[in-house]
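The values are calculated or read from the model by the stated rules, or taken from the named source; none is laboratory data. This is a predicted model, so every value here is computed, not measured. Every residue, glycine as well, gets a Cβ built from its backbone with ideal geometry; the counts of neighbours run over all protein chains shown. These accessible areas exclude ligands, DNA and RNA; they are computed on the full protein's heavy atoms, side chains included. Shrake-Rupley method; radii C 1.70, N 1.55, O 1.52, S 1.80 Å.
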Amino acid sequence: MTKSSNAMWGGRFAAGPDAIMEAINASIDFDKRMARQDIEGSRAHAAMLAAQGIISDSDANAIREGLLTVLSEIEGGSFQYSKALEDIHMNVEARLKEIIGEPAGRLHTARSRNDQVATDFRLWVRDQCDAVDSALETLMQALLGQAEAGADWVMPGFTHLQTAQPVTWGHHMLAYVEMLNRDRSRFADARKRMNESPLGAAALAGTGFNIDRHMTAAELGFDRPTSNSLDSTADRDFALEFLSAASICAMHLSRFAEELVIWSSAQFRFVVMSDQWSTGSSIMPQKKNPDAAELIRAKIGRIFGANVALMTVMKGLPLTYSKDMQEDKEQVFDAADNLMLSLAAMTGMVETMMPQRDNLRGAAANGFSTATDLADWLVRELGMPFRDAHHVTGALVAMAESKGCDLPDLSLDEMKSVNEGITEGVFDVLTVEASVMSRQSYGGTSPIRVNEQIARWKEELK
């Protein structure tokens, strides 16, 4: 069944859309999330039209006050959305007309839904960048708290998930602080680049009305108006940059989530996860599953997918606006929701997890983790070329492995059987505590360097 008329499209179409066409064409079910941004943009546009003498002050005031009424209805939950009106823009405008009458029809002067949606979406993504930045800072503070509590706690450092060298718990926590800070910089960089206003580009070519785009840009907190009307309505780089930054951030969260899954297992027992962030089993009463970490690890699939999906939508579109671009928002909304949820869950886990100091230290002492310290000692004390020291150390590791012990458990005579120059002093470097204390190069794992970095981050995150 078709409708006999369509008020929104006016005189061009005699009949309204079929129900299926209406369903595929409508975006109100998801773009209503941009209601506040849409109303902000419309209020700024009305003020500019009046300032330029394009509409009267009385009409502009009626529009601006009426839009506040619409916003209060939306935020209060009493607003009735209509799918027949397609999107948030037309739903707001239709309700505005019911409230203030004829002046509402003047609001759309000198603009199009093309520049309107581009502006709304930029405002929404910009707000989301700010929200993510705040959530990242909160998580960094939680990691910093863990780092400060265990700045000198020894744990194994891994390569290939094999014990490599001893590191400190504080150093490991600070590694994620560094990652997340880069995430913050990516979102900040994307925010800076997207902070130009498309409003006033109209459908694609600009407008013949004497508008002031700098005024609306300033009113909405943009640095400047966009410089090319075609690009203004065609561009979705800002959304893609947000998704790209979100994907890298989610990857970092997923890596840490994977470590928490491993560390909380019975085989590792490096951390005990709070009951708040764990679940049990319906059949195995002993189980305590790190489900929150596992779900964060999985969320990255949705965020990566959103990035790929929007890239695919945009890749073949000629300038300027095509209806394909209606498919931009759901991807971004979903990615933003899941990133914020993951950040909140990770913060909760970090704040409440309990590292097991003795287990961390015990694991650090296994797997010949101080072999590199032995090789370095041979270089320093015996003047041995590193490659020769590497060979001698390898032979000692093989000896210890055959005896079922670790390097510090070998006797001096056993060591001398491999290289006569080895002295009692070698045992001073074979403890895990001595190993981490020796790593005092800038950025190293020594508690001295770790505490310096903790102090720096505490200052930066004030």
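Structure notes:
- Contacts under 8 angstrom Cβ, first residue in segment 446-461 being of a type in the set (Ser, Thr, Tyr), partner outside any helix (DSSP H, G or I) and surrounded by fewer than 20 Cβ atoms within 10 Å (Cβ to Cβ), 6 or more apart: 446/440
- Whether a residue is touching a residue at least 40 places away in the same chain (Cβ under 8 Å), in contact with a Pro (Cβ under 9 Å, 6 or more places away or on another chain) and either more than 28 Å from residue 35 (Cα to Cα) or of a type in the set (Ser, Thr, Tyr) (or both) was assessed, and residue 141 does not pass this test.
- Residue within segment 409-419 that is open to solvent by 40 Å² or more (accessible area, probe 1.4 Å) and either in the same structural domain as residue 145 (by the TED database) or touching a residue at least 24 places away in the same chain (Cβ under 8 Å) (or both) present: yes
- Filtered by the rule that a residue be crowded, with 18+ Cβ neighbours inside 10 Å, touching a residue at least 40 places away in the same chain (Cβ under 8 Å) and either β-branched (Val, Ile, Thr) or under 23 Å from residue 162 (Cα atoms) (or both), segment 373-398 gives 373, 374, 377.
- Residue that is most open to solvent (accessible area, probe 1.4 Å) [pool: residues in segment 420-462 that are within 30 Å of the chain's Cα centre (by Cα) and of a type in the set (A, V, I, L, M)]: 455
- Among the residues of segment 101-135, those identified as out of contact with any Leu (no Cβ under 9 Å at 6 or more places or on another chain) and over 30 Å from residue 341 (Cα atoms) are 101, 102, 105, 108, 113.
- From the options 237, 223, 212, 231, residue that is out of contact with any Lys or Arg (no Cβ under 7 Å at 6 or more places or on another chain), among the acidic types (Asp, Glu) and under 19 Å from residue 333 (Cα atoms): 237
- Within segment 396-424, the set of residues being part of a loop (DSSP other than H, G, I, E, B) and of a type in the set (Gly, Ala, Ser) comprises 404, 411, 417, 421.
- Residue 297 vs. criteria in contact with a helix residue (DSSP H, G or I) (Cβ under 6 Å, 6 or more places away or on another chain), open to solvent by 50 Å² or more (accessible area, probe 1.4 Å) and under 27 Å from residue 187 (Cα atoms): yes
- Some residue of segment 58-79 being touching a Lys or Arg at 6+ places or on another chain (Cβ under 8 Å), of a type in the set (Lys, Arg) and surrounded by fewer than 22 Cβ atoms within 10 Å (Cβ to Cβ): yes
- Considering residues of segment 407-462 that are of a type in the set (Phe, Trp, Tyr) and at pLDDT 95 or above only, the residue farthest from residue 366 (Cα to Cα): 457
- Of all residues making up segment 197-231, the number that are open to solvent by 30 Å² or more (accessible area, probe 1.4 Å), under 19 Å from residue 38 (Cα atoms), of a type outside the set (D, E, K, R) and not in a loop (DSSP other than H, G, I, E, B): 3
- Among the residues making up segment 158-194, those that are surrounded by fewer than 18 Cβ atoms within 10 Å (Cβ to Cβ) and in contact with a strand residue (DSSP E or B) (Cβ under 8 Å, 6 or more places away or on another chain) are 158, 164.
- Some residue of segment 30-41 being within 19 Å of residue 209 (Cβ to Cβ) and crowded, with 20+ Cβ neighbours inside 10 Å: yes
- Restricting attention to segment 88-111, the residues that are within 21 Å of residue 230 (Cβ to Cβ) and crowded, with 20+ Cβ neighbours inside 10 Å total 3.
- The criterion of at least 2 residues that are of a type in the set (Val, Ile, Thr) is met by the following helices (runs of 4 or more DSSP H) wholly inside segment 80-196: 88-100, 113-149.
- Checked against (1) open to solvent by less than 30 Å² (accessible area, probe 1.4 Å); (2) in the same structural domain as residue 170 (by the TED database), residue 356 meets all criteria but (1).
- Yes/no for residue 363 being in a helix (DSSP H, G or I), in contact with a helix residue (DSSP H, G or I) (Cβ under 9 Å, 6 or more places away or on another chain) and either outside the structural domain of residue 414 (by the TED database) or buried (at least 16 other Cβ atoms within 10 Å of the Cβ) (or both): no
- Residue in segment 275-286 that is in contact (Cβ under 8 Å) with a residue 60 or more places away in the chain and open to solvent by less than 50 Å² (accessible area, probe 1.4 Å) present: no
- Screening residue 312 with (1) farther than 29 Å from residue 158 by Cα; (2) touching a helix residue (DSSP H, G or I) at 6+ places or on another chain (Cβ under 9 Å) gives one miss only, at (2).
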